[in-house]
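Before any comments, here is the structure.
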Amino acid sequence: MMKHLSLILGTVLILIVVPLAIPGGYLLFDYLYSTGLRINANYTGGRVLGEITDPEGDVLLQIPDSFHYKSISNSLDSTCFSVRLVRFPFPSGQGIENHLNLVAEFNGKFSDPLDLHNGFGCNVIHFYIDSPYVKSLKTNSEKAAAITFSSGSWDYQVIVDGFHDKARIYNNTGNLIRESTVYVREEKVPAPGLEKEKWQVKKTSVIATIPLSFSGDVLKGEWHYYALTGIADITSLSFLFAPDKTANVYDAINYKKSSDAEGILTPLVIKDGKMQ
Amino acid sequence: MSDSSLLPARGKSIQASIFLTIFSISILAVFALLTGSFADSVMRTFEIKRMIGAVLTLLYLGIIFFLILKTGRVSKWRNIFFISYAICFVISFLGTLFEQRGHMELLDSDALYGEAPMCHIVVPMLLIPMILGKGIIFPTSYASVPTMLIAVIIILLVFGRGFCSWVCFYGGEETLFSRLPGKKIWNIRKPHPVVKAFPFGMLFFIVVTSFLTLTPVYCIWFCPFKTITEFFEINSTLRIFQTFLFAMLWIVLVVVLPILSKKRIQCGLFCPMGAFFSLGNKISPFIVKIDTSKCTKCLQCISVCPTFSLSAKTIEKGRTEITCTKCGDCFDICPAGAISYGMKGSSITIHNHPFIKEGRKPGFFRRMAADLWEPGTIFMFGIFLLGSVLAFNFFNNTIVRILRLMGL
């Protein structure tokens, strides 16, 4: 009997245990996810330095009346703006620079009628950075349209649109000074009523990276960050539609509140690495 | 007890070979229809080229498996499967990459987005950061991690290092280059023990450094197979150096040295995943047995072993070393037929089977039962099926591409 035992065991292993690998993967998925295991934060967005949320939607955003824009409201109404720090342990040899992530989040999937590389073709996102290291010229760029910055200035303008693979960084005199990596992340969840393989996009994040070798140490001094979303217009320098003081096609979640909006954009302030 | 002279020296009976081939191909067809990209494409659209590809793939795999069983020439037919599998993997992988991205580079944005395809070699590097830090240190999609984890764990426990000669889609490249016609220029019979232990040192090194740096060190610095799959975008001096390093490793370890030595140098003396699966050989019930009473000590098996897993000392003990990939190359070369698959704790082999009565020629069903229920058949059935499940989409994808090229 003993000489048969290992043979019986081997047969059971092959015929029963091995085929369990596939359903076992699904079971393990649920278990691992429930334990909080995630893809390393270094890849998925970094440490949050500060964020502002607006999950209820922004009353200031008035999509133009044309039916063309009705279907893309999700793509314009940002629900969260965050600033995250990504640092790879030294010496990792990773090859990806330590950087700051400027993250604008939106509900659902982006509208992408032109099927562009980054997956969005209707909207454009501007990030503005007021750095303590730069002696600001205290000018509002015409590119920022009707928006007034509460701090009165910005030093870097980061433009992300579906027509370019990279984020473009301008200084406040309008010169393109650098390009950086941009990526669009879709967070998917199982669609109700469908089998597990069918997923739907719950959230879309647009992430522009600013290398720390370019920006300087973001954990020192007072930094101001702004995020602005508008309709893409490739005929405009800023890629923002209607740079003619028509602010209502823009969405910026860090407006103070609807009553005192009046085109004043308040920043996400981070001083010495802490949100103010 | 059986009388081995009543059985053919090699190979299973025709009835057992046909039964097992049909059984395994049927299971493979069900797997293909239920999971993977073929299933997805069938669900979405019914494409005739994919159906032709699927039928040809099943036919090809069925013929290969039948020939392995019937002829008993495990090495010859397994190598044909293994090499064609590796070629189809490269064609399929690169074809898909070029269709989707237009190049082989993994852009920084793809890495940050978590779009890098995960392979089995990543698993040892993931384990400690996963357990201690609840973080997955490889930029891949979350869904692929549990599937890969469970597959590697089951393979490790059940087949041990058998994976490296039957399932690994990289191993066939080296086998191809080591089997190219030509004289063996560099005869390595017995590498220095330190050289043989190098993969274990490499495994330890990458596990520790991956934990300390929270990055997949092997993938970033050492993986030779990035040369024919995908690699990080070359946008800095560091990346130029890394690209040079892995390209040189591929050229030297996978191409040049295998051609010169007729051995799988990368698998035998470098690959940390091979070392990881070698640890599984301690647990796996399936082993390669050497019948010392039959062995004539000709030592031809040592010269053909592609991963340096045999020595005079281990042959005397009737077993292989821990690094054995269960490829079967030594079965074919052994003039005495002394080497076969066996199972730990059991003396049963095809030459020594309780179903075969001494002095009596076995009948149709008794012979079939003995052929089906012996360690070698069970091992080959399991591991070939596993390899086929993984290889199916690569074969199918390649056939579809060839059909498209032919304008069909």
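The values are calculated or read from the model by the stated rules, or taken from the named source; none is laboratory data. Fair warning: this is a prediction, and the values are worked out from it, not measured in the lab. Here Cβ is always computed from backbone atoms with ideal geometry, including for glycine, and neighbour counts include all displayed protein chains. We work out accessible area using only protein heavy atoms, side chains counted, and drop any ligands, DNA or RNA first. Shrake-Rupley method; radii C 1.70, N 1.55, O 1.52, S 1.80 Å.
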Residue check: is B:Ile83 farther than 27 Å from A:Tyr43 by Cβ, at pLDDT 95 or above and surrounded by 18 or more Cβ atoms within 10 Å (Cβ to Cβ)?
yes
Restricted to region B:112-138, and to residues that are in contact (Cβ under 8 Å) with a residue 12 or more places away in the chain and touching a strand residue (DSSP E or B) at 6+ places or on another chain (Cβ under 7 Å), which residue is farthest from B:Ile206 (Cα to Cα)?
B:Tyr113
So which residues in region B:118-135 are more than 14 Å from every other protein chain (Cβ to nearest Cβ) and more than 30 Å from B:Ile63 (Cβ to Cβ)?
B:Ile121, B:Pro124
Which ones in region A:37-57 are away from chain B (no Cβ under 14 Å) and assigned to a strand (DSSP E or B)?
A:Val48, A:Leu49, A:Gly50, A:Glu51, A:Ile52, A:Thr53
Among residues of region A:6-29 being more than 7 Å from every other protein chain (Cβ to nearest Cβ) and open to solvent by 70 Å² or more (accessible area, probe 1.4 Å), the residue farthest from A:Ser205 (Cα to Cα) is A:Leu15
Region A:178-199, residues that are surrounded by fewer than 14 Cβ atoms within 10 Å (Cβ to Cβ), at pLDDT below 85 and not hydrophobic (A, V, I, L, M, F, W, C)
A:Glu187, A:Pro190, A:Pro192, A:Gly193, A:Glu195, A:Lys196, A:Glu197, A:Lys198
Could you list, in sequence order, all residues of region B:99-120 that are closer than 16 Å to B:Lys226 by Cβ and assigned to a helix (DSSP H, G or I)?
B:Asp108, B:Asp110, B:Ala111, B:His120
List the residue pairs whose Cβ atoms are under 6 Å apart, where the first residue sits in region A:204-221 and is over 25 Å from A:Glu187 (Cβ atoms), the second is loosely packed, with under 14 Cβ neighbours inside 10 Å, and the two are 6 or more positions apart or on different chains.
A:Gly216/A:Tyr133
Checked against (1) closer than 30 Å to B:Thr215 by Cα; (2) open to solvent by less than 30 Å² (accessible area, probe 1.4 Å), A:Ile125 satisfies every condition except (1)
Residue check: is A:Gly57 of a type in the set (Gly, Ala, Ser), surrounded by fewer than 22 Cβ atoms within 10 Å (Cβ to Cβ) and modelled with pLDDT under 85?
yes
Count, please, the residues in region B:136-179 that happen to be under 19 Å from B:Phe89 (Cα atoms), more than 12 Å from chain A (Cβ to nearest Cβ) and of a type outside the set (Phe, Trp, Tyr).
11
In region B:217-249, anything out of contact with any Leu (no Cβ under 8 Å at 6 or more places or on another chain) and among the charged types (D, E, K, R) is listed as B:Lys226, B:Arg239
Enumerate the pairs (first residue in region B:337-351 and within 7 Å of chain A (Cβ to nearest Cβ); second residue anywhere and in a loop (DSSP other than H, G, I, E, B) and open to solvent by 20 Å² or more (accessible area, probe 1.4 Å)) with beta-carbon separation below 6 Å, excluding pairs fewer than 6 apart on the same chain, so at least 6 apart or on different chains.
B:Met343/B:Pro285; B:Lys344/B:Pro285
Of the numbered conditions (1) closer than 28 Å to A:Pro23 by Cβ; (2) buried (at least 21 other Cβ atoms within 10 Å of the Cβ); (3) of a type outside the set (A, V, I, L, M), B:Gly72 fails exactly one; give the number of that condition.
(1)
Quick check on this structure: which one of B:Gly387, B:Gly363 is within 24 Å of the chain's Cα centre (by Cα), of a type outside the set (Val, Ile, Thr) and within 23 Å of B:Phe23 (Cα to Cα)?
B:Gly387
Is it the case that some residue within region B:50-60 is open to solvent by 50 Å² or more (accessible area, probe 1.4 Å), within 25 Å of the chain's Cα centre (by Cα) and hydroxyl-bearing (Ser, Thr, Tyr)?
yes
Take A:Lys203 and decide whether it is basic (Lys, Arg) and modelled with pLDDT of 75 or more.
yes
From (1) in a helix (DSSP H, G or I); (2) away from chain A (no Cβ under 14 Å); (3) crowded, with 22+ Cβ neighbours inside 10 Å, pick out the condition that doesn't hold for B:Phe384.
(2)
If we ask which residues in region A:153-177 are open to solvent by 30 Å² or more (accessible area, probe 1.4 Å) and either more than 20 Å from the chain's Cα centre (by Cα) or modelled with pLDDT of 90 or more (or both), their number turns out to be 6
Subset of region B:200-229 that is more than 14 Å from every other protein chain (Cβ to nearest Cβ) and of a type outside the set (Phe, Trp, Tyr) - its residue that is surrounded by the most Cβ atoms within 10 Å (Cβ to Cβ):
B:Pro224
